[in-house]
Amino acid sequence: MAEMDTSSSGGHKKGPGVKKGKKLSTRVDLTPMVDLGFLLITFFMYTTTMSKPKTMQINMPFKDENIEEKDQTKIKNSVALTVLLSKEHRVYYYEGIGDNPETPPDVQVTYFRGKGGIRDVIIDKKKTIEDLKRSGQLTAKDQLTVLIKPDETSTYEDMVNMLDEMNINDVRIYALLDISPVDKEFIAATEQANEGGAAPATPAP
């Protein structure tokens, strides 16, 4: 804020009838700039706090230290569902862990969609496990285990969507794993089979 100083300059005295001249000076008041500085500091501190990166919590399989490693990694094929994320938002899946290349699993393909998508597959698998529990083939501790394996052609969006499906369907045990060469062969064989017949259905817009 600029102020005009109209105080007397204290010049030499002059004779009667001669008006005394006044010397004007300019002075800048920087007090408002201090208030503005504090406002800017407060603004930047607030916006920095609001822009903290958000993280997603991932529930991984529980590891019991009292169980040997070979028993800890053992998963029953009857409760396992393997999901392979691939190109063009395709989701390949099969029941079990597919650990025997000589007897390849029945690999199916779907997408992230409301009807007939991977969500319906998970719901049907959970119902099957509950039926096996009621028949005594599985124990009460047996739960659905989903193995998620994205390949190099899948997108980060597909992985996030798959993790959302775990939360939506209340899947307590799941894991993100590296896709194996055997799984890639499963995908290639399924794509080759679809080339000779009907192509995989494209997702609804």
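Scan the stretch 92-107 for residues that are without any contact (Cβ under 8 Å) to a residue 40 or more places away in the chain and in a strand (DSSP E or B) and jot them down.
93, 95, listed by residue number.
Quick check, is residue 97 hydrophobic (A, V, I, L, M, F, W, C), at pLDDT below 80 and farther than 20 Å from residue 170 by Cα?
The answer is no for residue 97.
Given the options 154, 180, name the one that is small (Gly, Ala, Ser), out of contact with any Pro (no Cβ under 6 Å at 6 or more places or on another chain) and closer than 18 Å to residue 121 by Cβ.
The conditions single out 154.
I'd like to verify a number: residues in the stretch 122-168 that are within 16 Å of residue 183 (Cβ to Cβ), assigned to a loop (DSSP other than H, G, I, E, B) and of a type outside the set (Val, Ile, Thr), how many?
Summing the residues that are within 16 Å of residue 183 (Cβ to Cβ), assigned to a loop (DSSP other than H, G, I, E, B) and of a type outside the set (Val, Ile, Thr) in the stretch 122-168 gives 3.
Does residue 105 fit the bill of being modelled with pLDDT under 90 and touching a His at 6+ places or on another chain (Cβ under 9 Å)?
Numbers: modelled with pLDDT under 90: yes; touching a His at 6+ places or on another chain (Cβ under 9 Å): no.
It is false that residue 105 is modelled with pLDDT under 90 and touching a His at 6+ places or on another chain (Cβ under 9 Å).
Pairs needed: first member in the stretch 117-134, among the β-branched types (Val, Ile, Thr); second member anywhere, in a helix (DSSP H, G or I); C-beta distance under 8 Å; at least 6 residues apart or different chains.
Every condition considered, the pairs that remain are 118/162; 118/165; 122/165.
The values are calculated or read from the model by the stated rules, or taken from the named source; none is laboratory data. In this text the structure is predicted, and so the values were computed from the model without any measurement. In this analysis, Cβ positions are derived from the backbone assuming ideal geometry, glycine residues included, and neighbour counts consider all displayed protein chains.
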